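The values are calculated or read from the model by the stated rules, or taken from the named source; none is laboratory data. Here the structure is a predicted model, which is why all the values come from computation and not from measurement. FYI the Cβ positions are ideal-geometry reconstructions off the backbone, even for glycines, and counts take in every protein chain you see. With ligands, DNA and RNA removed, areas are computed over all heavy atoms of the protein, side chains included. Shrake-Rupley method; radii C 1.70, N 1.55, O 1.52, S 1.80 Å.
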Amino acid sequence: MLVIESKKVEERVLKRIKPSKEEIEKSREIAKRLIKEIEKRGHEALLVGSVARDTFISGDKDIDVFFFFDPEASRAELERRGLEIGKAVLADYNPKTHYAEHPYTKAVVEGYEVEVVPCYKIRTGKIISAVDRTPLHSEYVLKKLKGEHKDEVRLLKQFLKAFEGYGADAKVKGFSGYLCELLIIANKSLDELLKNAAHDWKKKIVIDLEKSRESYDKFPEPLVVIDPVDADRNVAAAVDRTILSKFIIKAREYLIKPSEEFFFPSKKPMDLKRLVKGRNLLVVSFKYPQDVIEEIVWSQLEKLTK
């Protein structure tokens with residue numbers, strides 16, 4: 001009976017989160033234009049991420065375009081030329097420089113947040129920069145994730161968003177989009193994943209889709225999902241224990257009584273006066289630093305609190 005109820009809930013949720021045909025076409029049309037401009041400048045380019053893999057949620061306006069450099073190119077050349085090309089193809093949209101392992105270009109194009117990222121083109125062997133894996137991730141997911149399972153990824157993402165567990169950045173420390181895709185590939189459906197999480201995820205959890213390692217001792221994290229394109233990397237390394245615990249608790253609660261509330265929780269007003277009553281609080285307020293990348297601010301705040 002609960003299985004039937006959960007399916008009904010998930011069907012209703014999908015109607016709210018699945019992007020329309022027009023939304024899909026619009027995002028890919030923007031990517032196609034950018035790729036064409038990059039190719040004019042002598043570099044192969046590729047749409048990656050959830051738009052390329054058709055696992056994005058309606059309203060999530062992120063487009064990631066990667067373009068390739070020969071592995072023989074120096075890091076200095078990749079950074080210099082990578083920024084030149086990124087700023088050139090996004091020149092009409094007030095491009096900004098952002099930083100991961102190396103700089104890349106970001107802009108808002110017709111309402112979409114677009115990232116144009118240079119990387120080395122690799123097939124096998126050790127990566128040169130951390131982003132080199134991303135095109136291989138897309139290739140793997142497109143090969144392994146069957147059509148009917150793409151909606152299961154969307155449901156998982158919305159389930160995580162509901163308790164602020166979606167995103168591998170320093171602010172959230174949760175589940176990345178790629179991790180969501182791998183978890184559905186491993187479990188086939190959201191319901192099956194939630195059952196496994198509710199009943200079997202205890203102490204250290206290890207998922208190795210390609211059975212690529214004999215030992216997992218090098219990974220100290222509570223959730224270990226081996227990257228199918230790099231056996232030395234844990235895709236779930238960013239997931240901290242608090243977010244993982246919340247996910248397991250939410251999974252147990254959902255299986256007992258499925259509801260749309262787990263995907264779209266109602267907002268309850270916070271009674272601050274009641275919460276602080278009887279407490280002695282010291283509040284220290286800082287001005288938000290100007291011209292600093294948000295990811296860096298969160299990392300600095302975390303170090304400060306420690």
Exercise for review: Over the chain, with every protein chain in place, what whole percent of the accessible area is carbon and sulfur at 1.4 Å, could you tell me?
Suggested key: 52 percent
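What's the FRET efficiency of Asn196 with Arg16 using the Cβ-Cβ distance as r and R₀ = 22 Å, to the nearest 0.05?
E(calc), rounded to 0.05, equals 0.30.
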Practice item. Kindly state, to the nearest 0.05, the FRET efficiency for Leu275 paired with Lys306, given R0 = 22 Å and r defined as their beta-carbon distance. Key: 0.35
Exercise for review: Sum up the charges of everything whose Cβ sits under 13 Å from the Cβ of Ile185, counting Lys and Arg as +1 and Asp and Glu as -1, but leave Ile185 out.
Suggested key: -1
Check your understanding: Ignoring ligands and nucleic acids, what accessible area does Ser299 show with a 1.4 Å probe (Å², nearest 10)?
Key -> 50 Å²
**Study point:** Residue-by-residue Karplus 3J(HN,Hα) for the range 138-148, coefficients 6.51, -1.76, 1.60, Hz, glycine and proline x
**Key:** 4, 4, 5, 5, 4, 7, 9, 8, 6, x, 6
Study note, to complete from the structure: Length gained if Ala73 through Asp240 is fully extended, taking 0.36 nm per residue and subtracting the Cα-Cα distance, is 56.5 nm
Review point. Roughly what % of DSSP beta bridges within the chain run antiparallel, to the nearest 5?
Key: 55 percent
Revision key, fill the gap. Quick shape check on the range 163-306: root eigenvalues a ≥ b ≥ c of the Cα gyration tensor, a/c under 1.5 is rounded, otherwise prolate if a/b tops b/c, else oblate, and it reads oblate
Study note, to complete from the structure: GNM of the chain, Cα pairs under 10 angstrom: of Lys161, Lys32, Lys202, the biggest fluctuation goes to Lys202
Check your understanding: Taking the Cα atoms of the range 18-135, what is the range of coordinates along each of the three principal axes, in descending order and whole Å?
Key -> 42, 32, 24
**Study point:** Alpha-carbon centroid distance for the pair the range 50-129 / the range 265-288, whole angstrom
**Key:** 39 Å
Review point. On full extension of the chain, what length is gained from Asp92 through Ser299, given 0.36 nm per residue of separation minus the C-alpha to C-alpha distance?
Key: 71.4 nm
Point to revise | Per residue accessible area in Å² of the range 240-306, where ligands, DNA and RNA are left out and the probe is 1.4 Å | key: 91 Å²
Check your understanding: For the chain, what is the charge dipole size about the Cα centre, in debye to the nearest 20, if Lys and Arg each add +1 at the Cβ and Asp and Glu each add -1 at the Cβ?
Key -> 1140 debye
Exercise for review: Per DSSP H run of n ≥ 4, the term is -39500 (n - 2.57); total these for the chain, divide by its residue number, and report the mean residue ellipticity at 222 nm rounded to 500 deg cm²/dmol.
Suggested key: -14000 deg cm²/dmol
Check your understanding: So which residue, out of Phe67, Phe247, Phe286, gets the largest mean-square fluctuation from a GNM of the chain using Cα contacts under 10 Å as springs?
Key -> Phe286
Review point. In nanometres, what is the gap between the two model label sites at Ala100 and Lys146, each 7 Å from Cα along Cα-to-Cβ?
Key: 3.0 nm
**Study point:** DSSP bridge pairs, the range 40-131: antiparallel proportion in percent, nearest 5
**Key:** 60 percent
Check your understanding: Summing +1 for each Lys or Arg and -1 for each Asp or Glu, what net charge is found among the other residues whose Cβ lies under 11 Å from the Cβ of Phe68?
Key -> -3
Study note, to complete from the structure: With label points set 7 Å from each Cα along the Cα-to-Cβ direction at Glu29 and Ser215, the distance between them in nm comes to 5.6 nm
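Before I look further, what does the range 1-78 give for accessible area per residue, probe 1.4 Å, in whole square angstrom?
Details: 4350 Å² over 78 residues.
Spelled out: the 1.4 Å probe surface of the range 1-78, per residue, equals 56 Å².
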Review point. Is the shape of the range 124-225 best called rounded, prolate or oblate, per the rule: a/c under 1.5 gives rounded, else a/b larger than b/c gives prolate, else oblate, with a ≥ b ≥ c the square roots of the Cα gyration tensor eigenvalues?
Key: rounded
Exercise for review: Count neighbours as other Cβ atoms within 10 Å of each site's Cβ, and list the trypsin sites (Lys or Arg not before Pro) in the range 99-146 that are DSSP loop with at most 11 such neighbours.
Suggested key: Arg123, Lys126, Lys146
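Between Val108 and Glu44, what FRET efficiency comes out of the Förster formula 1/(1 + (r/R0)^6) with R0 = 22 Å and r the beta carbon distance, rounded to 0.05?
0.30
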Exercise for review: Count charges around Lys87 for me, please; just the other residues with Cβ under 15 Å from its Cβ, Lys/Arg as +1, Asp/Glu as -1.
Suggested key: +1
Point to revise | Filtered GluC sites (Glu not before Pro), the range 1-63: DSSP coil and at most 16 other beta carbons within 10 Å | key: Glu44
Check your understanding: Most mobile of Asp230, Asp151, Asp271 per a Gaussian network model of the chain (Cα springs, under 10 Å)?
Key -> Asp271
